[in-house]
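Presented below is the structure to which this report refers.
Quick note: the coordinates plus some simple rules give every number you see, no bench work behind them. All figures in this text were calculated on a predicted structure; none of them were measured in a lab. Don't worry about glycine lacking a Cβ; one is built from the backbone with ideal geometry, like all the others, and counts go over all protein chains shown.
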Amino acid sequence: MSWEPIDAWEEAGTDAIYEQVMGDPSVREQFYQELYDEIIRDFTDARLRSFYENHPDLAKPAETALADAKRLLGQDDTAAFLFGAIAAEVGLISTLLKPIVHGLVHAESAAALITRLAIRHNDENLTKILLDLLADHGKVDPRHFKRSGSAQTLWEELSAVRTKRNAVVHRADRASHGDAELAVSVAAAVLGDLFPTVVKNLGLHFHGSTVCNVVHR
């Protein structure tokens, strides 16, 4: 699909809307309340389920990164940390949040804006909407889920891993063995606890590591 001038106009338009919403607190509050109410009302399990059915191997890139992190743990903890952080972030986005975004983009009037807010601007308000939908329809919520033996929620741990990753990538900091273990554990929780729970609650299952809706005998 080639780039056309209209693409630039649409991008400029969504950026202009974003700046208007972010620049005026009263407009921002009203916008998110209306957007939240509309999305929560219209979203269905079928939209979420369809993404998993159409992308049965969506977890494989994150699983590969996690395997690399485990292999490097104790040998090169900074490398292990980075692969663990990648696995956690990619796992969160590809197996939990991206399916939700896919379920929202069916509304053509809001598709461009929602995609821009979620992906480019990393908008906290939209993230809340996505996580609320994930909790309602997937029955998991990283803001409240805690790994066994951890005092922090998985969302807090994801934030800590993200902060450390930025320090490693942008300041060439080194990661400790504890940092690497945390990143690996967080990624394992996303891929091994939250993701399978969503799949199961949508009436799907795994055939090996592939999401499947067919019963194999």
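What to note about this one:
- Complete set of residues in the stretch 50-78 that are aliphatic (A, V, I, L, M) and surrounded by fewer than 17 Cβ atoms within 10 Å (Cβ to Cβ): Ala67
- Residue that is surrounded by the fewest Cβ atoms within 10 Å (Cβ to Cβ), among those in the stretch 148-175 that are charged (D, E, K, R) and under 19 Å from Leu73 (Cα atoms): Arg174
- Total residues in the stretch 73-92 satisfying the condition of being part of a helix (DSSP H, G or I) and free of Cβ contacts under 8 Å to residues at least 12 places away in the same chain: the figure is 1.
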